[in-house]
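Each remark here refers to the structure printed beneath this line.
Every read-out reported here was derived from the displayed coordinates using simple, explicitly stated rules and does not represent laboratory data. Remember, it's a predicted structure, so these values are computed and weren't measured experimentally. Backbone-built Cβ (ideal geometry, glycine too); neighbour counts: all protein chains shown.
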Amino acid sequence: MGLLRDIRSPEDVRRLTGDQTTQLAAEIRRFLVDQVSRTGGHLGPNLGVVELTIALHRVFSSPRDTLVFDTGHQSYVHKLLTGRQDFSALRKRGGLSGYPSRSESEHDVVENSHASTALSWADGIARANRVRGRDDRHVVAVIGDGALTGGMAWEAINNIAANDGRRLVIVVNDNGRSYSPTIGGVANHLDTLRTTRGYEAFLDWGKRTLYRTGAPGRFAYGWLHGLKKGLKDVVAPQGMFEDLGLKYVGPVDGHDVAALEHALRRAKAYGRPVIVHAITEKGRGYTPAEEDVADRFHAVGAIHPETGLPVAPSRFGWTQVFADEIVGIGRRRPDVVAITAAMLHPVGLAPFAAEFPDRTFDVGIAEQHAATSAAGMAFAGLHPVVAVYATFLNRAFDQVLMDVALHKAGVTFVLDRAGITGDDGPSHNGMWDLAMLRIVPGLQLAAPRDEATLRAALRQAVDVDDAPTVVRYPKGALVDPIPALEEVEGVDVIARHTPGAGAPAGKRVLLVGVGAMAGTALAAGESLAAHGLEVCVVSPTWVLPVPPALVKLAGEHDLVVTIEDGVVDGGVGATLAQRAAEQGVRTPHVHRGLPVEFLDHASRDQVATAQRLRAEDAVRDALAALAVL
């Protein structure tokens, strides 16, 4: 591609003519469709910000001026314009991250993929610039209208509006959707702004007309301009922003580089915090994305670029099981309602919403509000099911603890993408929930291992009306069924291995496979049995609080090995060992899980291998522990 091939830094972008920026935008879109269709990634959001990102790099001077993207999945174009054009291993180990990454470029600042944070980052950086005397530097935060549904964004706006001379520009990338169409009062306000672009034209007409009449006209125009706030409320009601003390520019066509540059230069010259409101189209320029009403190809796997169809149809997965089961539960239980934080389709609630629209609530990117609102619904006689990605529950921990658990609210949290997710990197691995939630009084947590246990866990979870319940499951396709051989007081035994006749009595090992790691525990059990050991493999569906029967089983064996895909410190294994010790059980324990580290993007298998979560790792550790007994 002609122009794109020669772009190595933002300076190259600034040297282009206006016509060349149009050509560059077209080349970037072709590049994104070609490359992301091979690797998978966030296609729709990046197709929507091509002209906006070009304009940003023509008006501002990164890295001297700081660009912060919220969320970072709209940063592919930024990567291209800052010299990163090898997308062959996008989101794969050793390749480019799917989000901004400081290790990749000096142009990347915030490695974020949790929404609604960029304005706080920008506020902090701009304050530091003032303190350090760097008043010639600008900070630009690009935030989507979906992220503006998050409360943290408005906490930041409240502080930014102090208007103390900081050079801070907020670009609202308004495409009317996050994953799905954006909802709520903020979205309604932006809808009004989108459809009332006449204010500036009206004011310009007034200026031209009145100035022709000389001094009286100039006086009248001054009076008219003084009524600016009132006029804007009538012609383009952006008063929500200006009431906070923020200068507002727009709406501007987010696919017109010249118009964007003009608006951004006005904002840059103002010298105080400014909001630039850009209207964009998610999936712009790619017909399959433009025709996909649901999410405009927000994130894709490998697809055929001509049609947008997946190269390999996805297998029936964990999310689809939840989607099916929650509809069945809803039919049986009129008190069950569903809550999502702007992720109706990704978490599998779309079928429930289609059948029960009055019992489905999309609260926007506001996990804290989702949890506390659910507590209120529980108080009023409903049983809310809050479905989020596991990594995003981190944002609502205080609400789970103090609003839900403290009040013994019957709320079920369904955590999709729990454990290792891999490709999206450290911010998306759902590895914190087990260690985090173990300290919540009264909370009950299930880690099902297959379809049958997931369906059973969901039914059991919504039957609890006096405490919070959590059901977690991994990303991707379902595993083959792992039936229980027997149940020991609520703990499923999924395999037993005894030494053959005439073999010397061996040590007894209890293997505990937590949720998605049940298959790994099965494989490890077979290997340990081959060493002449007596092995019992269990996979309790409900792991928090630790089942008493599991503590009892621990006392009946010579070694306990737990395998989990959450943080090992404070995880299920550590909790089991603690409960056993409290009851006088001195059986040694080996814990296999994830370290307290941020894990770089890689496939799930690569992460599991690197973190020694394979069956052979558990076997090696178990044999080493038995050797010293």
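Report note on the peptides 429-441, 524-536: ranked by the mean count of other C-beta atoms within 10 Å, highest first, their order is 429-441, 524-536.
Starting from the Cα gyration tensor of region 486-627, take the square roots of the eigenvalues, sort them a ≥ b ≥ c, and report rounded, prolate or oblate (rounded when a/c is under 1.5, otherwise prolate if a/b is larger than b/c, else oblate). The shape class here is oblate.
Helices assigned as whole DSSP H runs in the chain whose Cα atoms extend at least 27 Å along their own long axis and whose mean Kyte-Doolittle hydropathy is -1.0 or higher are found at 18-39.
Computed about its Cα centre, the charge dipole of region 77-181 is approximately 260 debye, with only Lys, Arg, Asp and Glu carrying charge at their Cβ.
In the chain, taking the dipole from charged Cβ atoms about the Cα centre, the farthest positive-side position among G571, P481, T498 is held by G571.
Based on DSSP H segments of at least four residues, each scored -39500 (n - 2.57), the chain has a per-residue ellipticity at 222 nm of -11500 deg cm²/dmol. For region 516-540 and region 453-477, what is the centre-to-centre distance using only Cα atoms, to the nearest Å? When both Cα centres are located, 25 Å separates them. The fewest-to-most ranking of M517, M377 by surrounding Cβ atoms within 10 Å reads M377, M517.
Classification of the chain by its C-alpha gyration tensor yields a prolate form. The axis ratio a/c (a ≥ b ≥ c) is 1.5 or more, and a/b outweighs b/c.
Packing here is the average count of other Cβ atoms within 10 Å per residue, and on that basis the peptides 88-98, 463-473, 557-567, 68-78, highest first, run 68-78, 557-567, 463-473, 88-98. By the gyration tensor of its Cα atoms, with a ≥ b ≥ c the square roots of the eigenvalues, what is the shape of region 386-499: rounded for a/c under 1.5, prolate for a/b over b/c, or oblate? Oblate shape, in that a/c is at least 1.5 and b/c is the bigger or equal ratio.
Under a model in which nothing but the beta-carbon of Lys, Arg (+1) and Asp, Glu (-1) is charged, region 486-627 shows a dipole of about 300 debye around its Cα centre.
Ordered by the count of other Cβ atoms within 10 Å of each Cβ, fewest first, W154, W542 give W154, W542. Taking every alpha-carbon pair under 8 Å whose residues sit at least 6 apart, the chain reaches a relative contact order of 11 percent. Counting only DSSP beta bridges whose two residues both lie in the chain, roughly 20 percent are antiparallel. For the chain, a simple Cβ point-charge model (Lys and Arg +1, Asp and Glu -1, everything else neutral) yields a dipole of about 2000 debye relative to the Cα centre.
Can you order the peptides 31-42, 4-15 by their average number of other Cβ atoms within 10 Å per residue, highest first?
31-42, 4-15
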